[in-house]
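The values are calculated or read from the model by the stated rules, or taken from the named source; none is laboratory data. Just so we're clear, the structure is a prediction, and the values are computed from it rather than from any experiment. Positions of Cβ are generated from backbone atoms using ideal geometry, with glycine treated the same way; all protein chains shown enter the neighbour counts. Note: areas computed on protein heavy atoms with side chains; ligands, DNA, RNA excluded. Shrake-Rupley method; radii C 1.70, N 1.55, O 1.52, S 1.80 Å.
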Amino acid sequence: MDEQLIEKQDDEISLIDLFAVLWQRKVMIIAITGIAIIGVLIFSILSLKLPPEKSFLPNKYTPQAQMLINDSSSSSGGLSAALSSSGLGSLASLAGVNVSGGSSYSALASYFVGSNSLLDQVIQKFNLIERYEIEKHPIAESRKALKEVLHSSFDEDTGVFTVNFTDIDPVFARDVVNYVVGLLEERFFELGIDKNKLTKKNLEENIQASYDQILSLQTQIHELEMSVTNVYNPSSTPSIMMDTSLIKMELKVQEEIYAQLKAQYEMLKVTMASEQPVFQILEYAEVPDQKSKPSRGMLCIIVTFAAFFVSVFLAFLLNALENIKNDPEAMAKLKKKK
């Protein structure tokens, strides 16, 4: 019982001593913490008032675009064939996209976002080498700088693929994201993964060509018929009539082709409406009206607590040094070691 009482008294004495040290150095603790609070507040206000390009802590904005990627359609054979035919099979393998099996269109999209070809197109389009003031190793450093602010993510539960870009200029950031989305859509289309989209584009081109041909033939027929009424040489009439008859036959063929193409196009639209495409843009990026970072409030809290704990540590350190100076035995040991 006596030993427990002594230990309890020692603990109480230790807590009192610790509190006494803090109380003795309270002015220093309050001063350091107060200076830190004032300093971080001034720093935050100045960083907010200065223009973004001159501020040491500017507001940054992160617009994002969302796409729907149907991984359920990405059978290993189909994706592997598409990559192999496009010449991207070896590059995708190096980037971690397994083209022999277990691959997915979402992984392919992530690869494209970080690929050098896409990064170089963005760098050239928006002149990022000059914007980021890169002088040494412009290609490598510009790619590195772009990768730090251009990111992508994929939600397996919803199948939504997101691309975002961070910059001090919200309009510029929006433009970069939408340009990247356009490049992704173009790459997926070039691979021919979504057969329906490719077929639709071909049908639209053929329908337009057939329509233009019909208009041209109708114009020719009209001109020939007008020439018959105004002709002064009766001997040329049979020839004109024959030409008109041939053009009408060709017009009839073109009209049948146009009707068939139109029917195929309408059927394809019905099919596409009932099937989920591999790559579909859900939302383009918009100009954000709210910053994504930095959090100046959190910065103030962190600096305040850090300054307080540093001042407490400094108080104990100064007290320990003072105790050593007042302890003859400790000073004697230090002198011996010297």
key: Flag for Phe308 being loosely packed, with under 13 Cβ neighbours inside 10 Å, over 30 Å from Ile69 (Cα atoms) and modelled with pLDDT of 90 or more   = no
task = Check whether at least one residue in the range 158-166 is out of contact with any Leu (no Cβ under 8 Å at 6 or more places or on another chain) and aromatic (Phe, Trp, Tyr), and report yes or no.
result = no
remark   = Of all helices (runs of 4 or more DSSP H) fully inside the range 108-152, the set with 2 or more residues that are of a type in the set (D, E, K, R) and without any contact (Cβ under 8 Å) to a residue 40 or more places away in the chain is 128-131, 138-149
task = Scan the range 132-153 residue by residue and report those that are within 20 Å of Val180 (Cβ to Cβ) and either in contact with a His (Cβ under 9 Å, 6 or more places away or on another chain) or open to solvent by 70 Å² or more (accessible area, probe 1.4 Å) (or both).
result = Ile139, Glu141, Lys144, Lys147, Glu148, His151
key: Selection count where residues are surrounded by 15 or more Cβ atoms within 10 Å (Cβ to Cβ), charged (D, E, K, R) and farther than 26 Å from Ala107 by Cα, scope the range 41-73   = 1
note = Taking first residues from the range 41-61 that are closer than 10 Å to Arg296 by Cα and second residues anywhere that are open to solvent by less than 50 Å² (accessible area, probe 1.4 Å) and part of a loop (DSSP other than H, G, I, E, B), the pairs with Cβ under 6 Å that are 6 or more apart or on different chains are Ser47/Ser55; Ser47/Leu57; Leu57/Pro294
ask   = Which of (1) of a type in the set (A, V, I, L, M, F, W, C); (2) surrounded by 17 or more Cβ atoms within 10 Å (Cβ to Cβ); (3) within 21 Å of Gln280 (Cβ to Cβ); (4) modelled with pLDDT under 95 is the odd one out, the single condition Val160 does not satisfy?
value = (2)
query = Can we say Lys125 is of a type outside the set (Val, Ile, Thr), under 15 Å from the mean Cα position of the chain (by Cα), at pLDDT 90 or above and open to solvent by 60 Å² or more (accessible area, probe 1.4 Å)?
reply = no
